[in-house]
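J.: Have a look at the structure that comes next, please.
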Amino acid sequence: MSAQAAPGATVRLYLNGSLITSGTADQAGRLSVTINKGVTPGDYRIRLDDVDPSSGKVRARAEVPFNVPDTTTASIPAPAASSTGAGSPQLAAAATTAPDVSSPSAVIVPNITTTTVTRGDSLWRISQRALGAGQRYAVIYRANSQQIRNPNLIYPGQVFVLPAR
């Protein structure tokens, strides 16, 4: 994934609403993030927030859909970037398969864990399987709260990002 922001901007990367990492744009305003492994096939939303480092307030936001098919290649529709607030700096994101990792603004995420909900799954079962304790279902719920309206109702095909143990 690559992004364009104001030079030196602090940018946070979210996958389906779960914070994955943050980075800083280089002097040309470029930033790239590579996730080496752990993204399972499915539909995702990649969101970038340009954050004011002193207050933590979001100055601009961009979001693009991202599909990982069953094969190792990804298909990405044209970027649909949006910014928040009048007069806010521009932030643009594009999901790519080969960002420039030689740049000083390149962020490498070695591994994330995702899971796709199947029929009969519950947050308790997913937590038991992934985290070793069903009681930790609330951790999965909080990490994916933007796509779970009711923790008792999750649906087959939803892709959840699992927090680190």
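J.: Rank these by accessible area, largest first, 1.4 Å probe: ILE108, ILE140, ILE35, ILE154.
T.: Working: ILE108 85, ILE140 0, ILE35 50, ILE154 25 Å².
Solvent-accessible surface, decreasing: ILE108, ILE35, ILE154, ILE140.
J.: Note down the net charge around THR116, summing +1 for each Lys or Arg and -1 for each Asp or Glu among other residues with Cβ under 14 Å from its Cβ. It would help to have the intermediate numbers written out before the result.
T.: Values: positive: ARG119, ARG125, ARG129; negative: ASP43, ASP70, ASP121.
Cβ neighbours under 14 Å give a net charge of 0.
J.: With +1 assigned to the C-beta of every Lys and Arg and -1 to the C-beta of every Asp and Glu, and no other charges, what is the dipole magnitude of the range 23-70 about the Cα centre in debye, to the nearest 20? It would help to have the intermediate numbers written out before the result.
T.: On the way: 7 positive and 7 negative charges, 19 e Å.
Rounded to the nearest 20 debye, it is 100 debye.
J.: A follow-up question, please. What's the ranking of 117-125, 21-29 by average number of surrounding C-beta atoms within 10 Å, highest first? Walk me through the numbers on the way to the answer.
T.: Working: 117-125: 14.2, 21-29: 16.0.
Result, highest mean Cβ count within 10 Å first: 21-29, 117-125.
J.: Return the carbon/sulfur percentage of the accessible area of the range 1-76, one whole number, probe 1.4 Å, all protein chains in place. Don't skip to the end; give the middle numbers.
T.: Details: 1790 of 3610 Å².
Whole-percent figure for carbon plus sulfur exposure: 50.
The values are calculated or read from the model by the stated rules, or taken from the named source; none is laboratory data. These numbers come from a predicted model, not from an experiment. Neighbour counts are summed over all protein chains in view; Cβ atoms, including those assigned to glycine, are modelled from backbone coordinates with ideal geometry. Just the protein is used for accessible areas: all its heavy atoms, side chains included, with ligands, DNA and RNA removed. Shrake-Rupley method; radii C 1.70, N 1.55, O 1.52, S 1.80 Å.
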